[in-house]
């Protein structure tokens, strides 16, 4: 028997938790599915259950509050479980959601979907980026804040956005030496024009000031308009070369400096995780300042497909608070759709949260304007640099495919196998898209015309034997 | 690659889970309940988790959140498990850089 719900929320970060809470509070029969052992996502990251802390950080405290709110409601929680596919059922009424986890149902049915799949560090390719010891900001923060280990002893932090400052502060707090923090964008003096917007975001100013204090104490040089150029090492990173970059992100020759390090942390802003939305055919739009290819949504967070809502950083980069508001809005909209809530009451609620949402959106605009990874950063890669980590496809091979006539990312994929490996293109799409634009700089191509990878089930690698069993259950 | 012993306002004091034993390529190492396989390996100084298919180049932890599939290891005989999101268990047998038998 496959259980049917009025709403399935995929992802239990700030956006997904709020969506499930709002819907369930209004009486919607709700299930929430998450890939991790504990709810909270990356933002409300928790300690492992077996770890005991004397004190909680403020963020942990907020996350715990949200979790107990979720636990107090009749929401079915399915954790430690991958969502490998979503299918539209023949009767056109329900979505069939394919799950893969220990002791979890193989399928659930849902009348409505809220996708809250979060975001990941936008991967930027440079020589040596596949070496062990080169990790993302996300990985560094999990190791430091939740797992409580030092990912190295001497680190270079490189990327764009506030996350690299957070990583720097946490590394130093853990006793890791940081040789330099490289911010690829030249954020000053441009950033000053956003002073009025920033003044409306006190908690963010406080957090940012804390991180900057670590920098100002003179412990780490913070270099704007700089990026890593190369990671060097045999079986592990041993050295990092940094370079000045121009406005477009292209390295400026003659500016390179070399450091001995055993850790490189990279975080060039974030990319929304849109795999499921792509799989079922939600319309996407290319907006680099919001994270790249993002789903088109209306004011209720509903995608181009009726009954499919997409919220939080998994839809467009906007931060945790924005994600929570979007989750509430979508959860409320589903309550109206399923007949549990009067449309006028819902509209009142929307009007109430609107000022806060607008303020968050303004912050999103600031963030996108200052911290979008420049497309010229593709020039950090040489012809020998691997862009697709899974299938080991180089920049040179992508250029070759373009010479053979490929004009879309789909054609490049067919010729080179880029994007066809285990990660399903999540790690290379940004680079390959920019590589094709770069290779065709003399022609009239745009990121839009090159397009994005299409996604088909399974979204994640799962055993064939499992698929075979799961299929029988549907029949 | 050591466990954090320093505490601060950003990283408050923590009591780890019970100490357990796991085996990495036949060698016994210690880990704390609640840690991931990746944490246990990194704490033991092991940073190469697998070799790439085509060029047999070393790969290890990258995204840390289960989406890049770079940290794949063999756990209790089952290949291609993500070290970054699999919690350690007493007596777990982990194999790194294992060639897939097809």
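The values are calculated or read from the model by the stated rules, or taken from the named source; none is laboratory data. Values in this document were obtained by computation on a predicted structure and should not be read as measured data. Every residue, glycine among them, receives a Cβ derived from its backbone with ideal geometry; neighbour counts consider all protein chains shown.
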From the option list A:225, A:249, A:254, A:218, single residue qualifying as away from chain B (no Cβ under 14 Å) and at pLDDT below 95 is A:218
Just to verify a result, which residue in region A:167-190, among those that are more than 14 Å from chain B (Cβ to nearest Cβ) and more than 25 Å from the chain's Cα centre (by Cα), is surrounded by the most Cβ atoms within 10 Å (Cβ to Cβ)?
A:179
Taking region A:207-233, which residues are part of a strand (DSSP E or B) and either assigned by TED's automatic domain parsing to the domain that holds residue A:357 or out of contact with any helix residue (DSSP H, G or I) (no Cβ under 7 Å at 6 or more places or on another chain) (or both)?
A:223, A:224, A:226, A:228, A:230, A:231, A:232
Return yes or no: is residue B:43 under 21 Å from residue A:48 (Cβ atoms), at the interface with chain A (Cβ under 10 Å from one of its Cβ atoms) and surrounded by fewer than 16 Cβ atoms within 10 Å (Cβ to Cβ)?
no
Return the pairs, sorted by first residue and then second, in which the second residue is in a helix (DSSP H, G or I), the first residue lies in region A:414-436 and is farther than 25 Å from residue A:250 by Cβ, the beta carbons are less than 6 Å apart, and the residues are 6+ apart or on different chains.
A:415/A:401
For region A:18-34, pairs from a residue that is on the phi > 0 side of the Ramachandran plot to a residue that is surrounded by fewer than 23 Cβ atoms within 10 Å (Cβ to Cβ), with Cβ under 6 Å and 6 or more apart or across chains, are A:27/A:340
So, residue A:197, is that one more than 30 Å from residue A:50 (Cα to Cα) and crowded, with 19+ Cβ neighbours inside 10 Å or not?
no
If a residue must be within 17 Å of the chain's Cα centre (by Cα), surrounded by fewer than 24 Cβ atoms within 10 Å (Cβ to Cβ) and facing another protein chain (nearest Cβ under 8 Å), how many such residues does region A:142-164 contain?
0
Against the definition (buried (at least 22 other Cβ atoms within 10 Å of the Cβ) and in a strand (DSSP E or B)), how does residue A:113 come out, yes or no?
yes
Filtering region A:174-206 down to residues that are over 21 Å from residue A:259 (Cβ atoms), touching a residue at least 12 places away in the same chain (Cβ under 8 Å) and outside any loop (DSSP other than H, G, I, E, B) yields A:190, A:191, A:194, A:197, A:198, A:204
In region A:368-405, how many residues are surrounded by 22 or more Cβ atoms within 10 Å (Cβ to Cβ) and either in contact (Cβ under 8 Å) with a residue 40 or more places away in the chain or in the same structural domain as residue A:134 (by TED's automatic domain parsing) (or both)?
14
Condition check for residue A:94: at pLDDT below 95, more than 14 Å from chain B (Cβ to nearest Cβ) and over 20 Å from residue A:269 (Cα atoms):
yes
Let me spell it out: the conditions are (1) out of contact with any helix residue (DSSP H, G or I) (no Cβ under 9 Å at 6 or more places or on another chain); (2) under 23 Å from residue A:101 (Cβ atoms), and residue A:426 meets all of them except one. Which number is the exception?
(1)
Can you pull out the residues in region A:14-29 that are touching a strand residue (DSSP E or B) at 6+ places or on another chain (Cβ under 8 Å) and surrounded by fewer than 24 Cβ atoms within 10 Å (Cβ to Cβ)?
A:29
Looking across region B:49-70 at residues that are within 7 Å of chain A (Cβ to nearest Cβ) and within 10 Å of the chain's Cα centre (by Cα), the single one that is farthest from residue A:266 (Cα to Cα) is B:60
Residue list for region A:445-473, filter: crowded, with 20+ Cβ neighbours inside 10 Å and assigned to a helix (DSSP H, G or I)
A:450
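Each row is one residue, and each column tells you yes or no for (1) out of contact with any strand residue (DSSP E or B) (no Cβ under 8 Å at 6 or more places or on another chain); (2) crowded, with 20+ Cβ neighbours inside 10 Å; (3) more than 16 Å from residue B:44 (Cβ to Cβ); (4) modelled with pLDDT of 95 or more.
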| residue | (1), (2), (3), (4) |
| --- | --- |
| B:59 | no, yes, yes, yes |
| B:64 | no, yes, yes, yes |
| B:69 | no, yes, yes, yes |
| B:79 | no, no, yes, no |
| B:95 | no, no, no, yes |
| B:98 | no, no, yes, no |
| B:102 | yes, no, yes, no |
Please verify whether region A:53-60 includes one or more residues that are away from chain B (no Cβ under 14 Å), surrounded by 18 or more Cβ atoms within 10 Å (Cβ to Cβ) and part of a helix (DSSP H, G or I).
no
Filter region B:1-40 down to the residues that are touching a strand residue (DSSP E or B) at 6+ places or on another chain (Cβ under 8 Å), within 8 Å of chain A (Cβ to nearest Cβ) and surrounded by fewer than 18 Cβ atoms within 10 Å (Cβ to Cβ) and list them by number.
B:2, B:3, B:12, B:13, B:15, B:18, B:33
